[in-house]
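Notes to accompany the following structure.
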Amino acid sequence: MIYMACALYCEAESLINLLNLKKDKEFNRVQVFSNENVTLFIAGVGVLASAISASDFFACIDCKNPITDWDIFVNIGVCGCAKYTENIGDIFICNKITDGTSGKTYYPDIIYRHTFKEGELVSFPHIIDKAFSEKAFLYDMEASGLYVSASRFFKVHNMFFIKIVSDYGVPEGVTPEKIKSLIAARSESICEWILKISKYGVKKDCIFTEEEKAYIEQNLAFFKLSETMKYEARQLYTYCKLKKGEFKETVTGFIEKNGIKVSSRKEGKVRFEELRRAIIE
Amino acid sequence: MRSLEEQSLNKFFSHIYIEKGAEAYPETQRIINFFPDSNKVEISHYKDVFCRKGQSWAAQKRSPSLILAVKRDNLIYPGAAVCQSFGEEHFFYTSSIMNCFYDCEYCYLQGMYSSGNMVIFVNTEDIFREVDRLLLKHPVYLCISYDTDLLAAERFTGIVSKWAGFALQRRELKVELRTKNADIKSIKNICKADNFIFAWTMSPDEIIKKYEHGTPPLKARVEAAKAAAAEKRKIRLCFDPLLYIKDFEKYYGNMFDIIFREISADDVEGISVGTFRISPSYLKNMRKQRLCELTAFPFALIDGVYNYDREINAKILDFALNRLKGYISKEKIFTWGD
């Protein structure tokens, strides 16, 4: 699943339209729009407000459907830029995010190729004017808060902070219409890239099928193993499956061939050791 | 052919994080010049990137970033109990680089570090000074390539050359460079010193192909060791870790034959032999990182270290030692655990 966060609705509107996201009425504290692959929420303006919204939202999501190591988080929004050498509308991926208040710095991993620019961003809790903007290269009001919140749920290589330059420290001219139009013109290239990389996450393999998992539980009960021995048994079956491509036939075959019956924990331990020997040899 | 996923990844060291203060070192400039297209990001401390929470070792390993930093403490460590000391009394090791280019499925680094990124400490001179301080007290046997493969990074770091030059001027120092690399050109550029030992880890090709991703094949390693021996450099051969795999006798037996057909035992200073062993905490982390037959093995906990059980251990070691004794005198063979 891809989770997107925008501070304002006007930042999100073109993404909602492009991805055909529908309002999700299950959430009442944050506005949420989703389809089967993407969930977008409006995080609100400001470092603290966005962090609180994101934490609230992710906690709710995580309870229903745990967020996995291959889910993606993307913050999309506009930012100010201190350098006139960059153009209004340039798209940046942030490789360094500093909280302007605490001075703490965060580094999202950028392991995927992209065609955007890269830069460092500082998040301030208030609007930055031209004089103050020289302290930073890119600056916004949410990224550091969203990073802190999202990093509790997502892996750092799956967190992306994509910013579109909206001004050079003169925020007065940055109207909702301007924001909407800046993002609308770029939402296709941003979404295309996100959808592409979302397919490439490192998925942790689960080695056992549901049927095999059920068999293991029955088998552990059969051997009357202690909790520590159960851990060792799961490890042994993992090894067996990796080595032979299966474990169920090996274990069942061993039990049947030797006519094993286990009447006590002590006997189970002895029999299990025999099974261990048979598997590793 | 590379998969679409591989093509979508940034190339190695697309991002170089430079610790404040590290940029002044010539080593930093050398490395940066080697990777001119990389994005450079200034950081306060290398741990801000290397020790972040929420990293994926596996994802980073596919597209690692480079961190350049200054090592401020723990410049030299006492040799670990799980490592072969070759009978040396004052056994130490140092880490100029943390993490490795190669990706060996049994490597302890994946259990030791939470990051797949690579850290290069650019203040080698400070480590030299620490070694000199130790040398005032006693001779030093120092392994410089445990937590990485230094030779694999030599083209852009030059660290091995520096160490060889340093060792050349210090008779009481003996340095071991452990490697799987086979870059003969790099080796020829390193100055010759009698107290600088190249130690090649050798594995059968069946194991290299399956478990030692990105490493040179056995033939290339043998050629590199042979070339080093021909230049009268000190060489060691390390059969460590020996792995318990199906038909291990056949694979390791063939490997010994191949190696000693090419390399004269007289040219080998010593041989290290040891079976796979690992600390419990590292093994736990390694199993979380990836599913691998080697690390999933139901090891026995012996004296606080996970190892094959005594019976299997004896089976592997007896086989290896018997075969090796046919090639080289037993005085030159060092077995871990002895």
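Database note for chain B: Cys without another Cys beta carbon under 4.7 angstrom, B:51, B:83, B:100, B:143, B:191, B:238, B:292.
Only Lys, Arg, Asp and Glu carry charge here, each on its Cβ (+1 for the first two, -1 for the last two); on that basis region A:160-220 has a dipole of about 300 debye about its Cα centre. A Cβ-based charge dipole, computed about the Cα centre of region A:210-280 with Lys and Arg at +1 and Asp and Glu at -1, lands at about 300 debye.
Taking a straight Cα-Cα cut-off under 17 Å and skipping sequence neighbours fewer than 8 places away in the same chain, the lysines within cross-link reach of residue A:199 are A:155.
The modelled label-to-label distance for the pair residue B:194/residue B:34, using points 7 Å beyond Cα in the direction of Cβ, is 3.1 nm. With r defined as the distance between the Cβ atoms of residue A:60 and residue B:138 and R0 fixed at 56 Å, what FRET efficiency is calculated, to the nearest 0.05? Efficiency at R0 = 56 Å is approximately 0.35.
Over the residues of chain A, the helix contribution to mean residue ellipticity at 222 nm works out to -13000 deg cm²/dmol, using -39500 (n - 2.57) for each DSSP H run of at least 4. Note on residue A:48 and residue A:84: their simple-model spin labels are 3.6 nm apart, each label 7 Å out from Cα toward Cβ. In terms of distances greater than 22 angstrom between alpha carbons, the cross-link table entries B:185/B:226; A:241/B:315; B:180/B:209 yield A:241/B:315. Just the Cα atoms of the protein assembly as shown, one point each, no solvent: what log10 I(q)/I(0) does Debye give at q = 0.07, 0.08 Å⁻¹? Per q value, in the given order, log10 I(q)/I(0) is -0.55, -0.70.
Taking a straight Cα-Cα cut-off under 13 Å and skipping sequence neighbours fewer than 8 places away in the same chain, the aspartates and glutamates within cross-link reach of residue B:210 are B:103, B:105, B:293. Please give the residues of region A:46-80, grouped as numeric ranges, whose backbone N is less than 16 Å from a label point set 7 Å along the Cα-to-Cβ vector of residue B:288. Only A:68-70 pass the distance filter.
If R0 is 35 Å, the Cβ-Cβ spacing of residue A:36 and residue A:217 corresponds to a FRET efficiency of close to 0.60. Between residue B:264 and residue B:74, the C-beta separation translates, for a Förster distance of 56 Å, into a calculated FRET efficiency of about 0.90. Checking the cross-link filter: which lysines have an alpha carbon closer than 30 Å to that of residue A:178, excluding same-chain neighbours under 8 positions apart? Straight-line reach from residue A:178, under 30 Å: A:22, A:23, A:25, A:83, A:96, A:117, A:130, A:135, A:163, A:196.
Since every read-out is calculated from the coordinates, none of them should be taken as a lab result. The structure presented is a predicted model; accordingly, all values stated were derived computationally and were not measured. Glycine gets a Cβ as well: all are built from the backbone with ideal geometry, and neighbour counts include every protein chain shown.
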